[in-house]
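So the structure is just underneath, and the comments pick up after that.
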Amino acid sequence: MEFSQYIEYELEISRADMPLIRVLQDPSGMTRCGVGSTVWDTGLVLAKYLDHQTSLGKLDLSGKTVLELGSGTGLVGIALGRLHPQCQVTLTDKEELVPLLNRNIELNSATDNTRAQCLDWTTPTSLDTVPDLIIVSDGIFDKDLHQPLAETLARLAGSETRVLLAYETRKFDEEAEFIARWSQTFRFRDIKPSEQDPVMQSEDIFLFDGERKIKVAE
């Protein structure tokens with residue numbers, strides 16, 4: 001894939017000894033990769049939430065596996081892999097975005113613990129391992145994605161899997177429908193502004209922390 005039309009975006013994380021996270025992106029969303037090749041505000045808020053929780057010692061992913069759905073540029077997953085070098089991160093998106101993900105992994109010298117693969121929510125897929133953490137950033141902007149995403153989460157999350165889902169509100173009624181659909185198989189709570197990065201947050205961006213509901217034997 002040719003990246004001559006892409007520009008570099010940089011994200012600073014809290015540890016002074018770590019270099020900036022750098023990803024190539026197309027702010028216009030006009031290339032073949034579409035809007036998935038753009039860094040969106042929701043990804044920044046989620047990345048800085050993960051950074052903030054890590055700096056407070058409240059997030060430890062040593063020896064854990066992380067799956068990012070709809071990775072886009074890979075900014076969030078790459079940042080998480082940088083913060084937790086002892087975890088294994090898999091970035092996923094549609095086939096046309098995988099070359100961009102691989103390029104951004106290489107740009108951050110992150111190949112030791114971060115990889116990319118195709119995962120299309122509309123095509124049933126299984127993984128070799130059940131992830132300890134699934135992260136999703138701005139995955140519900142299109143109503144047509146709601147059911148495939150909910151089904152993908154239900155299929156890939158195990159009983160111990162934690163799910164962090166973030167989105168910017170655009171169409172409240174449609175987003176409420178997704179939350180209702182998601183609640184059929186998951187229980188979750190909203191992440192308060194006081195838990196997020198003090199600067200990188202927005203009243204229009206919502207973060208949820210969820211896990212599968214426990215089935216009660218009849």
Given a 10 angstrom Cα cut-off, can you work out which residue in Gly139, Gly72, Gly57 is the most mobile in a GNM of the chain? Gly57
Considering only Leu56, Leu46, Leu91, give the residue with the highest GNM mean-square fluctuation for the chain, with springs between Cα atoms whenever their separation is below 10 Å. Leu56
Keeping every protein chain present and rolling a 1.4 Å probe, give me the accessible area per residue for the chain in Å². 51 Å²
Local electrostatic count at Thr42 - Lys and Arg +1, Asp and Glu -1, tallied over other residues with Cβ under 10 Å: -4
How are the C-alpha pair distances of region 73-218 spread across 5 Å bins, as whole percents from the shortest bin up? 2, 9, 17, 20, 21, 18, 10, 3, 1, 0, 0
Lysines with Cα under 27 Å of Lys64, excluding same-chain neighbours fewer than 8 positions away: Lys48, Lys94, Lys192, Lys213, Lys215
For region 59-109: span of alpha carbons on each principal axis (Å, largest first): 32, 20, 13
Area accessible to solvent at Tyr167, 1.4 Å probe radius, in Å²: 20 Å²
Dipole size in debye (nearest 20) for the chain around its Cα centre, Lys and Arg Cβ +1, Asp and Glu Cβ -1? 520 debye
Normalized C-alpha radius of gyration of region 1-138, against 2.2 N^0.38 Å? 0.98
What figure, in Å² to the nearest 10, do you get for the accessible area of Asp17 with a 1.4 Å probe and non-protein molecules left out? 110 Å²
Net charge near Val23 (other residues with Cβ under 14 Å of its Cβ; Lys, Arg +1; Asp, Glu -1) is -4
Sequence of Ser71, Ser14 from largest to smallest accessible area, 1.4 Å probe: Ser14, Ser71
Taking N as the number of residues in region 87-156, what is its Cα Rg relative to 2.2 N^0.38 Å? 1.15
Taking only protein heavy atoms and a 1.4 Å probe, the highest-to-lowest accessible-area order of Lys58, Lys64 is Lys58, Lys64
Separation of alpha-carbon centers, region 156-218 and region 80-99, rounded to whole Å: 21 Å
GNM top mover of Val45, Val199, Val35 - the chain, alpha-carbon springs below 10 Å: Val199
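The values are calculated or read from the model by the stated rules, or taken from the named source; none is laboratory data. Just so it is clear, the structure is predicted and the values come from calculations on it, not from any experiment. For neighbour counting, all protein chains shown are included, and Cβ atoms are generated from backbone atoms with ideal geometry for every residue, glycine included. Side chains are part of the model used for accessible areas, which takes the heavy atoms of the whole protein and leaves out ligands, DNA and RNA. Shrake-Rupley method; radii C 1.70, N 1.55, O 1.52, S 1.80 Å.
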